């Protein structure tokens, strides 16, 4: 008998393959437009450090201008070489403040030698689109551009302006990034909005069944610390136990065994309550139980063993980079590690540092913050947005509940929230909750879901832009 996981993979692949085969035979003009734009932007290498987001921004601008948008409403900014941001606007009546549709053009590195397909070609096979950026985040870039063109072609007159912002440098988490931070500083007037829709939450599926519809309202704070051990060193022929690499390694081992305490907030408590009821089974029961006032330690332990749920329970810190020593025949004088933490909103950066120091438990290993944290307040649940999503999603996924989520991954929504523009992660794209290939090998999304989410977002934005 096959395992549940194997059965789920086969069921999803069969479902996706059948759907994509039918779609390939008869794409509608709108679907073909979205696919063409998707392929074009995916096949422009926009790796943050070495690629060209300016080229991608210019390509998307050309699409919009060819569809009839005037130059004044499609602006490309290049704050640095090979860096590009696009701001495009569909004018409405001005009855209400604009809505922003935010997506990022840059992607993380992908080594072709690691992949089974060319990461910079849009490959369609077995019911999936494969490519770097196939999901993160060009699967939002393409629908936003295609739908804006569609509104223009239809003569749609919303009661608010619809602003599409395609930014660079989202992936680098750097104060020197020239994406949304640069736009807020230099062109706030062009992007000022009542709220923004961004990446950050999808429609979660398990074993081929949709379980929940995500609405990301808050994010953990991504922040790193440098761990360092120093030693006078010496010749490797006369070693001692006082070794910088050993001190660091033993401290990291203790850190690996440490769990930060469980701390639920309003968003994560609601997530576990609602999502647990939908998930069912033993895991679902544990999810509901952990949201209660005094969860059993066994419940916490079982959920903590599941990385996707563990990250919602607590602050997490993990070693991500390591270096040490200076010569093969010398005792190490320095050993360093970088530890990346995802810190719960409202938790003290200083206290996390103090906790790391206690967990490492070695005064010969120092813990030093790297950079400046960027916390942001949660976005309030917007009644109009929640109402529109609830109404529309009931047509696509009847009986499935909307669940507020906190993202463990960082997005540039933090900068918008801090600038007073509430930001919500929502895409309408279905994805398996047990698969996350973003930033990894063979990144992919289901073909059927790409077309479905494009139409879903077309309708949602329309609903949010009319009385």
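Please treat every number below as a calculation from the coordinates, not as lab data. Because the structure is a prediction, the values reported are computed rather than measured. Neighbour counts run over all protein chains shown; Cβ positions are idealised from the backbone, glycine included.
Structure values in brief
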read-out	value
Whole-Å semi-axes of the ellipsoid equivalent to segment 29-159 (Cα gyration tensor, √5λ, descending)	28, 18, 11
With eigenvalues of the C-alpha gyration tensor scaled by 5 and rooted, the chain, Å	39, 27, 23
Binned Cα-Cα distance frequencies in segment 263-306 - 5 Å width, integer %	5, 27, 35, 26, 6
At R0 = 60 Å, FRET efficiency that the Cβ-Cβ distance of residue 194 and residue 253 yields, to 0.05	0.75
Beta bridges per DSSP with both ends in the chain, % antiparallel, nearest 5	70
Interatomic Cα distance distribution for segment 338-467, bins of 10 angstrom, percent	9, 29, 30, 19, 10, 3, 0
Label-point separation in nm, residue 277 to residue 95, each point 7 Å along Cα→Cβ	3.4
Gain upon complete extension [residue 154, residue 436; 0.36 nm per residue less C-alpha separation]	97.9 nm
Translational D in µm²/s for segment 252-410 (Stokes-Einstein at 10 °C, 1.306 mPa s, Kirkwood Rh from C-alpha pairs)	86
Segment 234-268-segment 344-423 distance, computed between alpha-carbon centres (Å)	26
Ratio Rg/Rh, restricted to segment 203-290 and using Cα atoms, in which Rh is the Kirkwood radius	1.26
CD proxy at 222 nm, helix term only [per DSSP H run n ≥ 4: -39500 (n - 2.57); per residue of the chain; nearest 500]	-12000 deg cm²/dmol
Segment residue 174-residue 306, length gained on full extension (0.36 nm per residue, minus Cα span)	44.6 nm
Residue 467 versus residue 235: modelled label distance in nm, points set 7 Å from Cα along the beta carbon direction	9.0
Scattering profile of segment 386-438 at q = 0.15, 0.16 Å⁻¹ [log10 I(q)/I(0), Debye over alpha-carbon scatterers]	-0.58, -0.66
